[in-house]
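The values are calculated or read from the model by the stated rules, or taken from the named source; none is laboratory data. Worth saying up front: this structure is predicted, and the values here are computed from it rather than measured. Quick reminder, even Gly has a Cβ in these numbers, built from the backbone with ideal geometry, and neighbours come from all protein chains shown.
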Amino acid sequence: MKPIIQPPVVLVTGASRGLGRGIAIELAKAGMSVGIHYAGNEVAAHETAAICAEVALHGELQRFEPVQADIGDSTERNALFSATLAMFGRLDALVNNAGITSVGRLDIVEATEESFDRVIDVNLKAPYFLSQSAGNYWLANPGDSRLAGGYKLVFIGSVSADTASLNRGDYCLSKAALGMANHLWALRLAEVAQVIELRPGVMATDMTSAAKDKYDRIIAEGELIPMRRWGTGEDVGRGVVSFLQNDWPFSTGEVITIDGGMHLKKL
């Protein structure tokens with residue numbers, strides 16, 4: 001008789017739509033349970049949970065639970081972490097995916113402090129302190145991960161970390177700083193957890209839908225993205241799964257681009 005499989009538990013922020021939904025679905029296919037964080041769209045979060053249940057590798061052994069929070073607010077962020085532990089009884093991995101773009105996408109000479117503060121709160125402060133909560137939990141429970149190689153921490157960054165957009169200055173700054181957060185937590189948690197930043201390029205999400213026509217044209221020309229297609233949630237999700245399944249057992253603090261070659265320099 002085969003032993004009952006106890007699925008690892010993964011919290012994915014911003015998992016109701018876009019890249020987060022793609023990540024949650026790939027985790028479900030790989031046999032993991034998922035805490036599906038969402039900010040406000042409860043219907044979309046339950047849709048993600050339903051899709052995950054349909055494709056789950058181990059069926060009813062896996063759980064997919066929507067959890068609401070404004071992670072830009074410290075009280076709600078702490079409640080999210082506590083609620084996840086209460087629901088699942090453990091946490092084996094955290095995927096810091098949730099993010100917002102610049103409010104109004106204004107030129108940096110016109111951008112507001114209100115937008116700056118909100119973007120930094122959601123894109124940088126939230127993942128930094130969620131990682132602190134996860135890190136303290138893991139340090140208090142060493143060797144208890146259901147994932148091969150130990151606990152895992154993932155930051156979903158952006159090519160905007162080193163590619164400037166003058167109408168999204170606060171967004172670019174938040175993603176650049178997230179790259180340092182990856183290094184910091186990789187060093188601090190090296191004995192109990194692996195840490196990685198996955199850095200997507202131009203992805204087909206709600207965030208880019210307003211500029212779809214522009215990017216369709218640019219992508220077709222092949223100058224910006226050599227592979228000549230949009231990136232997808234599946235692309236990022238498969239990267240997350242590979243890392244969580246311990247395909248890179250001696251790596252931590254790395255930055256892996258998922259951008260179809262956008263970062264490559266050429267003459």
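A compact table of results
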quantity	calculated
Total residues in region 253-267, condition under 23 Å from residue 18 (Cα atoms) and either aliphatic (A, V, I, L, M) or free of Cβ contacts under 8 Å to residues at least 24 places away in the same chain (or both)	4
Filter result (touching a Ser or Thr at 6+ places or on another chain (Cβ under 8 Å), of a type in the set (Val, Ile, Thr) and within 14 Å of residue 57 (Cβ to Cβ)) within region 1-40	10, 25
Boolean, residue 171 is at pLDDT 95 or above, out of contact with any Phe, Trp or Tyr (no Cβ under 7 Å at 6 or more places or on another chain) and surrounded by 21 or more Cβ atoms within 10 Å (Cβ to Cβ)	yes
Every residue from region 197-210 that is surrounded by fewer than 24 Cβ atoms within 10 Å (Cβ to Cβ) and either within 19 Å of residue 150 (Cβ to Cβ) or in contact with a Phe, Trp or Tyr (Cβ under 8 Å, 6 or more places away or on another chain) (or both)	202, 203, 204, 208
Residue pairs meeting the criteria (Cβ under 9 Å; at least 6 apart or on separate chains; first surrounded by 24 or more Cβ atoms within 10 Å (Cβ to Cβ), in region 23-37; second modelled with pLDDT of 95 or more and aromatic (Phe, Trp, Tyr))	24/64; 28/64; 33/64; 33/88; 34/64; 35/64; 35/88; 36/64
Region 235-252: number of residues that are in contact (Cβ under 8 Å) with a residue 12 or more places away in the chain and either over 21 Å from the mean Cα position of the chain (by Cα) or surrounded by fewer than 16 Cβ atoms within 10 Å (Cβ to Cβ) (or both)	4
